[in-house]
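Novice: Let me begin by handing over the structure; questions about it come next.
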Amino acid sequence: MDERAMNQNHYDDEIDLTRVFSALWKRKWLFTATVLITVCLGIILAFSLPDIYRAYVVLQPGILDVTPDGKYIYIDSVQNIKAKIDSNAYSQRLYESLEEGVRESRMDFKADIPKNANVLVVSAEAEKERIEQKIKNIYLLIKELQYDYSTEIERRKLEIAKQKMILENELRDIEVKKKGIDNQIALAKNEMKAFKSQIDSYRHTLAVLEAREKELLNEILMAQRNSERLIQGRESFIQQHFDNKDPHLADILYTTTIQQNVSFSNELQSRLSELRMKKENITGLIIGAEKLLAEKKVNIEQLELQKNEQLEVQIARKNIDIQDLEKRNSYIQNMQMVSKPIATKKPVKPNRKMIIVLSAMVGCFLGLIVVLIREYVSFDAICKQPMKVRK
């Protein structure tokens, strides 16, 4: 008995689809009427709703710096910016910036992040006659966002400008050193020219002295030959006039001439000695000047090396650093609009087709419920009627 009761209860809990379809077919006009009424109400609702347009803009986060490998360092992430917009953090500020006639109780901005993109799509929806005001509101929102990040942008630009100024001062100091080295090189070159001119003068003097030395040597040789010739003539004269009563006068004359010639020869020897001393002195001056010239040449080479391998390299590095700072500064920018805010040409809401389809689905569901309720009421009435007859 209990098992039969349980089976009966289990059977009562199941839905007999045959009976459901039978009820639907039996009351198909009621079901159809319910669906048609619901669809008509959906059509009326769909076409009574106003057309809604969407104004939108694509924003790019501000750039704070650039890494050495060329990657941007953004001032804020698109996720943080989206959170600020979605939290209505700017509603009060925008409300105060609007005129009284166009103030709105809600600034219903929507922020979306496209997939795999570092941009933000900010949009607002309104009827056609109010869409221009929505575009103005978007402009105001962008202005407020840029204002929030402007302090950090200016701070970064000032920091880079300070670094650039320091590098430029260091560059000027290096250029001053380079100019000083250039002046030292020019002075050393002028001194080299003076040494070369002095050496040329010494060599010219030395050439004159050497020519004079040759002349003195020839004169000394001639004087010696004259002395020898006079001595030989004197001896020959004495032998030829040995028996002469008065040979002493000629002898005296020969002797005087020989003495004069010897004295002249000695004088020439003295001049030659003085000349050779001058030559040695001039030669020493030439050697000293050439040594100084070589030292100046080495000094110039050292200065050139210092200028080229040290100062020029430092100047090149400073210029590269300054150019890098200028490049980084050129990349720094506040939040930018990829394109100006625009409105869709076609309305985005309402989706009338979707409303009609949903109303049809709701109508089918309501029709089924109405039919089942009506069938249940009829079945209940039939079940109660025999009970009344029995009484």
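The values are calculated or read from the model by the stated rules, or taken from the named source; none is laboratory data. Just so we're clear, the structure is a prediction, and the values are computed from it rather than from any experiment. Reconstructed Cβ throughout: ideal geometry from the backbone, glycine too, with neighbour counts over all protein chains shown. Heads up: the accessible areas ignore ligands, DNA and RNA and are worked out on the full protein's heavy atoms, side chains in. Shrake-Rupley method; radii C 1.70, N 1.55, O 1.52, S 1.80 Å.
Novice: Which condition breaks for D200 when tested against (1) at pLDDT below 90; (2) of a type in the set (D, E); (3) out of contact with any helix residue (DSSP H, G or I) (no Cβ under 6 Å at 6 or more places or on another chain)?
Specialist: (1)
Novice: Let me ask you something else. Give the residues of the range 107-126 that are touching a residue at least 24 places away in the same chain (Cβ under 8 Å), open to solvent by 20 Å² or more (accessible area, probe 1.4 Å) and of a type in the set (S, T, N, Q), sorted by residue number.
Specialist: Of everything in the range 107-126, just one residue is touching a residue at least 24 places away in the same chain (Cβ under 8 Å), open to solvent by 20 Å² or more (accessible area, probe 1.4 Å) and of a type in the set (S, T, N, Q), namely N118.
Novice: Looking at the range 332-350 only, could you name the residues that are among the hydroxyl-bearing types (S, T, Y) and surrounded by 14 or more Cβ atoms within 10 Å (Cβ to Cβ)?
Specialist: T344, the sole residue that qualifies.
Novice: Criterion first (within 30 Å of E290 (Cβ to Cβ) and either among the basic types (K, R) or at pLDDT below 90 (or both)) does K214 satisfy it?
Specialist: yes
Novice: Quick one: which of E129, E144 is more than 26 Å from R317 (Cα to Cα) and open to solvent by 100 Å² or more (accessible area, probe 1.4 Å)?
Specialist: Only one candidate passes the filter, namely E129.
Novice: I would also like to ask the following. In this structure, does S339 turn out to be among the hydroxyl-bearing types (S, T, Y), assigned to a helix (DSSP H, G or I) and either modelled with pLDDT of 80 or more or more than 30 Å from Q163 (Cβ to Cβ) (or both)?
Specialist: In short, no.
Novice: Write out, first by first residue and then by second, each pair whose Cβ atoms fall under 7 Å of each other, whose residues are 6+ apart or on separate chains, and whose first residue, in the range 183-194, is farther than 19 Å from E290 by Cβ while the second is part of a helix (DSSP H, G or I) and among the hydrophobic types (A, V, I, L, M, F, W, C).
Specialist: Once the first residue is farther than 19 Å from E290 by Cβ and sits in the range 183-194, its partners that are part of a helix (DSSP H, G or I) and among the hydrophobic types (A, V, I, L, M, F, W, C) give Q184/L303; I185/I300; I185/L303.
Novice: Taking interchain pairs and intrachain pairs at least six residues apart, which have beta carbon atoms under 8 angstrom, with the first residue in the range 66-81 and in contact (Cβ under 8 Å) with a residue 60 or more places away in the chain and the second part of a helix (DSSP H, G or I) and open to solvent by less than 40 Å² (accessible area, probe 1.4 Å)?
Specialist: I75/Y149; I75/I153; D76/Y149; I81/L145
Novice: Also, I was wondering about something else. Kindly indicate which of A111, A89 is more than 30 Å from E326 (Cα to Cα), among the small types (G, A, S) and either part of a helix (DSSP H, G or I) or at pLDDT 85 or above (or both).
Specialist: Going through A111, A89 in turn, the sole match is A111.
Novice: Against the definition (open to solvent by 60 Å² or more (accessible area, probe 1.4 Å), farther than 30 Å from R156 by Cβ, modelled with pLDDT under 90 and within 60 Å of the chain's Cα centre (by Cα)), how does K353 come out, yes or no?
Specialist: So K353 fits the description; yes.
Novice: Can you tell me which residue among E191, E170, E235 is farther than 30 Å from I81 by Cα, modelled with pLDDT under 90, out of contact with any strand residue (DSSP E or B) (no Cβ under 6 Å at 6 or more places or on another chain) and surrounded by 14 or more Cβ atoms within 10 Å (Cβ to Cβ)?
Specialist: Criteria check complete, one pass: E191.
Novice: Sticking with this one: When you check Y95 against the structure, is it open to solvent by 20 Å² or more (accessible area, probe 1.4 Å) and in contact with an Asp or Glu (Cβ under 8 Å, 6 or more places away or on another chain), yes or no?
Specialist: yes
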